[in-house]
Structure formats: structure tokens, C-alpha cells
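Encoded as C-alpha cells, the structure appears first; notes follow it.
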Amino acid sequence: PAPGKKDQMFLLGNEACALGAIAAGSRFMASYPITPASEVMEYMIKNMDKLGSTIVQTEDEIAACMTAMGGVYAGVRGFTCTSGPGLSLMAESLSMASMAELPMVVIDVQRSGPSTGMATKVEQSDIDAACYNAHGDYAGIVISPTSIEECFYEIQKAFNLAEMYQCPVIFMPDLQQGLNKQSVPSFDLNRVPINRGKMMKEADLPELEQPHYFKRFELTEDGISPRTIPGMKNGLFLSTGLEHNEEGKPAEAPTMHVAQTDKRFRKLETVADNYEPFLNNAKYDEADVLVVGMASSRGAIEEAVAEFDQEGVKVNHLQLRLIKPFPAKQLQPFMDAAKKVVIVEHNATGQLTNLFKINMHKKSKISSCLKYDGNPFTKSYVKNAIKEVL
């Protein structure tokens, strides 16, 4: 049927990501082309002249990540975009961004792997890489949109989270979202206000007394330090990949390394309080099954759940947005209220399921619905998996 006169947009998920980055105030991107993520950079290039933006196509993903980090250090909302192979190359750079507390955004449009895998097929097998790939005690955030519409809104929140918590944020749609073109309600440009966190104003900075620098890495109670950018009078600090004191000067004293490491992790404790960790489609106080998915599996799960409703089977559904830090406290009540839990994911090793088993109580309830043939989930596939646990 004809859709009638609706205010809609027809676009790829990748285009929604790019448009969301623009709405978030980003005017700097450094990237290297890779399927299925290239359309993000192509959209930015197409519109850069209208926006006064700078888009840099680098020689590889390592350079892309480091160049974007340079932009972020200079004070702009910079980002890069890649897929699994490029994310692997960025591991060392992301670890440095964690140490230097740079608010870096990386879009990872997931495809089938490992290696170059199947570049045009869907998978959600970068979860472990996004959470653990960087070396050392790496403090970062990983989030995932649940729809093409959310590619626009949640990438804006990714930029906010990066600056609020001063750390890398990996934004993980999958290929089915990135390369799928569909109609969505026209976007509200004012729905997500820009939040730059503890960015200081030059007028508020106290005079520095030599030989001291600004305490860019101050040991604060909430773990988040005040931030300046180069050129601010009285905002001078040192920034490297080395462990440091509060002014950024290299420091290897055991007490300082412990204090700074604890600070970097302490600040992440409130992420789930300031970001909606999942889409809540749980209708029942007590459910036969709780189904949890991420990214593009949402549609198939919703169709399956609707049919179970008609059959009198109580199925609750959560679509996860926050992958790291894992929102165990927020998820536990829904697990407690269900007899069984099914995790729906596009990979062979149950990477999302493993996160649940590591972080949650009552692990015996948990089972997986896995699909790794490169094709999207269907209603019948999800429904059969739920019937098996019933």
C-alpha cells in the first residue's frame, strides 16, 4: 500500500551515521575506504564543502585512527570509520587514546570475518575485538544502534559519551544496518543536545605558576578530569602515551600508576546511568523467555515475539545498546523475571552470550541463538530457537 503523505527519509544506515555525526557537530573525519563502511566517508565527502568540513583519506587504518585522534586532541569532534580488519589495525592507537583520555569515536560497521572474510555479508563477530583488542588495562565504551533510525541518534550520543567520559567510543552497527536502505521518520535535529563534558573555558582557568602545568589528568572523585585544548591560556599540559602524573608529565611511580588506572576505570561506572543501555520491549513481569539481541536482529525478534504473544507464550525482548561497560545491574532484574534467556547474535562463538555469562548471575538460564552464514535473521529462525528452549 502507498505510505501516504509522511515526512520520511530514504537512506542507508551508513548515511544515517554520517548525518548523525554532522548533527553532533563533527566537522573532521579521517578514514580509509573499506566495505561495508565506505558510504560514511563518501557521504561526508559529498557534503564537506557545504559544512566547512575536512575529510582526510589516509593511507591505512592506523593513520586514519591517529589522524582522527590528532583532531580530537586539537579540540574538534573528530572520528574515523572502518570494519573488522581496520579495527584490528587500530588497536594500538585506541590504547593510546585511552591513556591520553582522548574523546575518540570509531564507527565499526561489522561484516563477516575473520580476516577479509565475506566483505558483503552480515555478522556481529567484532564484539570481542571492540571490548578487548587494545592492549593493557584499556578503558573504553562500546555501543550499538538497534535500527537505521538509531544510527542517526545514537552516533550523536556516542560523541557526547566520548567527551563526557574522555575515552574512545566504538560505535557498532552491522552490515545489514549499514548497507540496508529504508524509509525512516525524518530526523529531529534537536533531539540529542550536544554535551562536551568537562571542557573548560579559558576565562575560568586560574593562573599557572611555573613550573606547574594545568592538571589535565587530575585525580577527581568521579574519575573525570577537567579538559583544555591547545592554545588556551593557562591550559598547558603534556600528553603522551606514557603513564603520567596529574599534569601529564611521565611518571612511573607505583602509586601514581595505580591511582591513574583506577581513575580511568572509575569514570566509566556511571555510563549506564547516563545512557539508555537497551531498548526495552519487556511487557511481562514474569516471562517464559527473555530474548536479547543487538543491532539488526531487532526486526526478526520483534516479529517472532508478536507471534508468541498471539499464542499465549510470554516472551520479553531487550535490544542491547551498551556493550561495554556491560550493564549487568540494569539487565539483572529482567533475567530474574524470566525462566529462560536466549541471546540472539550473528557469530559462531557466542561472543555476546559470553559477556552475559561473565557478568550475570543465574548463568544456567542462558542459551544462544547463533547464525553465521552471512544472511540476516528471519522470524522463523528466531522463533525456532525460542521453541527449543521452551
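Counting other Cβ atoms within 10 Å, which GluC sites (Glu not before Pro) in region 254-310 have at most 11 and lie in a DSSP loop?
Glu286
Tell me, what HN-Hα J-couplings in whole Hz come from the Karplus equation 6.51 cos²θ - 1.76 cosθ + 1.60 at θ = phi - 60° for each residue of region 67-72, using x for Gly and Pro?
With coefficients 6.51, -1.76 and 1.60, one gets 5, 4, 4, x, x, 5 Hz.
Quick one: dipole size for the chain, taken about the Cα centre, charges +1 on Lys/Arg Cβ and -1 on Asp/Glu Cβ, in debye to the nearest 20.
Dipole about the Cα centre, nearest 20: 580 debye.
Run a plain Debye calculation on region 8-185 (Cα atoms as equal point scatterers, no solvent) and give log10 I(q)/I(0) at q = 0.14, 0.15, 0.17, 0.20 Å⁻¹, rounded to two decimals, same order as the q list.
Log-scaled intensity ratios, in q order: -0.63, -0.73, -0.97, -1.40.
Compute the distribution of all C-alpha to C-alpha distances in the chain, in bins of 10 Å from 0, and list the percent of pairs in each, rounded to whole numbers.
5, 23, 31, 24, 12, 4, 1, 0
I'd like the antiparallel share, as a percent to the nearest 5, of DSSP beta bridges with both residues in region 8-185.
That works out to approximately 25 percent antiparallel.
So what are the ³J(HN,Hα) numbers for region 137-152, from phi and the Karplus equation (6.51, -1.76, 1.60; θ = phi - 60°), rounded to whole Hz, Gly and Pro as x?
7, 8, 9, x, 10, 10, 10, 9, x, 9, 7, 5, 4, 6, 4, 6
Please report, for the Cα atoms of region 277-389, the Rg to one decimal and the Dmax as a whole number; what are they, in angstrom?
Considering region 277-389 through its Cα atoms, Rg and Dmax are 12.7, 36 Å.
Bin all alpha-carbon pair distances of region 56-104 at 10 Å intervals from 0 and give each bin's fraction as a whole percent.
Using 10 Å bins, I get a P(r) of 30, 59, 11 for region 56-104.
Would you mind telling me which residue in Arg27, Arg111, Arg321 has the biggest mean-square fluctuation in a Gaussian network model of the chain, where springs connect alpha carbons within a distance under 10 angstrom?
Residue with maximal mean-square fluctuation among Arg27, Arg111, Arg321: Arg27.
Just want the ordering: His346, His135, from fewest to most Cβ atoms lying within 10 Å of their own Cβ.
The fewest-first ordering by Cβ neighbours comes to His135, His346.
How large is ³J(HN,Hα), in whole Hz, for each residue of region 290-296 in order, when computed from phi with the Karplus curve 6.51 cos²θ - 1.76 cosθ + 1.60 and θ = phi - 60°, using x for Gly and Pro?
9, 10, 10, x, 9, 6, 6
Of all DSSP beta bridges located in the chain, what percent are antiparallel, nearest 5?
Of all bridge pairs located within the chain, approximately 25 percent are antiparallel.
Percent relative contact order of the chain, based on C-alpha pairs within less than 8 angstrom and at least six residues apart?
Answer for the chain is 15 percent.
Pairing the Cα long axis of helix 379-389 with the longest principal axis of the chain, what angle in degrees results, from 0 to 90 and rounded to the nearest 10?
80
Viscosity 1.567 mPa s, temperature 4 °C: give me the Stokes-Einstein translational D for region 249-305 in µm²/s, with Rh taken as the Kirkwood radius over C-alpha pairs.
My calculation gives 84 µm²/s for D.
Angle between the Cα long axis of helix 38-51 and the longest principal axis of the chain, 0 to 90 degrees, nearest 10?
The angle comes out at about 50 degrees.
Can you tell me, using C-alpha contacts under 8 Å and at least 6 residues apart, the relative contact order of region 277-389 as a whole percent?
Worked out over region 277-389, it gives 32 percent.
If you restrict to DSSP beta bridges whose two residues both lie in region 215-362, what percentage is antiparallel, to the nearest 5?
Antiparallel bridges: around 25 percent, rounded to the nearest 5.
Enumerate the amide H contacts of Val56 below 5 Å, restricted to partners 5 or more residues apart or on another chain; note that Pro and chain-start residues carry no placed amide H.
Excluding prolines and chain starts, which carry no amide H, the hits are Met29, Ala30, Ser31.
For the chain, what is the calculated [θ] at 222 nm in deg cm²/dmol (nearest 500), taking -39500 (n - 2.57) for each run of four or more DSSP H residues and dividing by its residue count?
After summing the helix terms and dividing by the residues of the chain, the value is -10500 deg cm²/dmol.
Restricting attention to the alpha-carbon atoms of region 186-283, what are Rg (one decimal) and Dmax (integer), both in Å?
Rg, Dmax (Cα atoms, Å): 17.5, 61.
When Lys and Arg each count +1 and Asp and Glu each count -1, what net charge do the other residues less than 10 Å away from Gly86, Cβ to Cβ, add up to?
With Lys, Arg at +1 and Asp, Glu at -1, the net is -3.
Bear in mind these aren't lab numbers, they're just calculated from the coordinates by the rules spelled out. Source: prediction; values computed, not measured. Glycine also receives a Cβ, built like all others from the backbone with ideal geometry; neighbour counts cover every protein chain displayed.
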